[in-house]
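Take a look at the structure set out below.
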Amino acid sequence: MKVGTDGTLLGAWASAKEGQCRILDIGTGTGLIALMMAQRYPEAVVTGIDIDEKAVSQAKANAEASPFANHVNIQQADVCSFKAKPFDSIVCNPPFFVDSLACPDTRRSQARHGETLTYERLMQSVKRLLDEKGLFSVIIPTDYRSRLLSEASLFGLMLARECLIKTTPDKTPKRCLMEFRKYPVAMVDTMIEVLEIKPRQRSDWYHNLTKEFYLY
């Protein structure tokens, strides 16, 4: 899978505690989000996992060629059986589609469709791997927001922060960035933002969020 807007948004938006911490990127793909988190949190140890052998090979090559090679670890693993000490932050750009027609390309379908990593399995794994004071950040289509919230509640994960994202000002939100914790917050921090104020012109919000990662 190529670098896309969803991964870039999540890598720039997701939170972790400052200083030494442990970050897990589930379904790392090319390693994009893992590397962005490593850039933003230079004292963190970042682990990226993926079940696809070729994706892991590419992510490893990208990590080794980056300035963050000494604190990014890429492994081939299924999150449902992955064992590790609790993480302070978990990030995931999960399979995009649920209950939809799968692509005939098996590897592409695995990356984009939720047959192998359902929301239930994802939340169950996050519950097991997340520290009691940790943060879990994810990006999904807004059509699946209610479903993800339902699965999260079943595993004691509570929404703390979210950002609904429009492509342009006149559109309805298509993406949703969400942050969960294992403990309730007094009020959920909710925002609505826009990617482009007009074609090929990023909004101030999008520009400021991602300016450390784009070359122009």
Problem - Candidate set: the stretch 164-187, residues that are in contact with a strand residue (DSSP E or B) (Cβ under 6 Å, 6 or more places away or on another chain) and exposed (fewer than 12 other Cβ atoms within 10 Å of the Cβ); chosen: the one nearest to residue 15 (Cα to Cα) - result: 184
Exercise for the section: From the list 107, 128, 145, pick out the single residue that is of a type in the set (D, E, K, R), modelled with pLDDT of 95 or more, surrounded by fewer than 16 Cβ atoms within 10 Å (Cβ to Cβ) and part of a helix (DSSP H, G or I). Expected result: 128
Completion exercise
Checking 117, 122 in turn, the sole residue that is surrounded by 13 or more Cβ atoms within 10 Å (Cβ to Cβ) and modelled with pLDDT of 95 or more turns out to be 122
Practice task
Please name all residue pairs, on different chains or six or more residues apart, with Cβ atoms under 8 Å, provided the first residue is in the stretch 4-23 and is farther than 18 Å from residue 72 by Cβ and the second residue is modelled with pLDDT under 95 and in a loop (DSSP other than H, G, I, E, B).
Solution key: 6/96
Completion exercise
Residues of the stretch 188-216 being surrounded by fewer than 13 Cβ atoms within 10 Å (Cβ to Cβ) and in a loop (DSSP other than H, G, I, E, B), in sequence order, are 199, 200, 211, 212, 214, 215, 216
Completion exercise
Counting only residues in the stretch 187-200 that are out of contact with any Phe, Trp or Tyr (no Cβ under 8 Å at 6 or more places or on another chain) and modelled with pLDDT of 95 or more, the one nearest to residue 167 (Cα to Cα) is identified as 197
Fill in the blank from the handout: Filter the stretch 37-81 for residues that are touching a strand residue (DSSP E or B) at 6+ places or on another chain (Cβ under 6 Å) and small (Gly, Ala, Ser); the one that is surrounded by the most Cβ atoms within 10 Å (Cβ to Cβ) is 48
Handout entry: Matching entry among 72, 79, 46 (being touching a His at 6+ places or on another chain (Cβ under 8 Å) and free of Cβ contacts under 8 Å to residues at least 60 places away in the same chain)
Key = 46
Exercise for the section: Quick one: which strands (runs of 3 or more DSSP E) lie wholly within the stretch 42-100 and hold at least 1 residues that are farther than 22 Å from residue 152 by Cβ and more than 17 Å from the chain's Cα centre (by Cα)? Expected result: 72-76
Handout entry: Unmet criterion (only one of (1) closer than 30 Å to residue 84 by Cβ; (2) not in a loop (DSSP other than H, G, I, E, B)) for residue 156
Key = (2)
Practice task
Quick one: count up the residues across the stretch 188-205 that are in contact with a strand residue (DSSP E or B) (Cβ under 9 Å, 6 or more places away or on another chain) and free of Cβ contacts under 8 Å to residues at least 24 places away in the same chain.
Solution key: 4
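Would you be able to tell me the number of residues in the stretch 18-45 that are of a type in the set (A, V, I, L, M) and touching a Leu at 6+ places or on another chain (Cβ under 8 Å)?
So the answer is 3.
The values are calculated or read from the model by the stated rules, or taken from the named source; none is laboratory data. From a predicted model like this one, the values you see are computed outputs, not experimental measurements. Quick reminder, even Gly has a Cβ in these numbers, built from the backbone with ideal geometry, and neighbours come from all protein chains shown.
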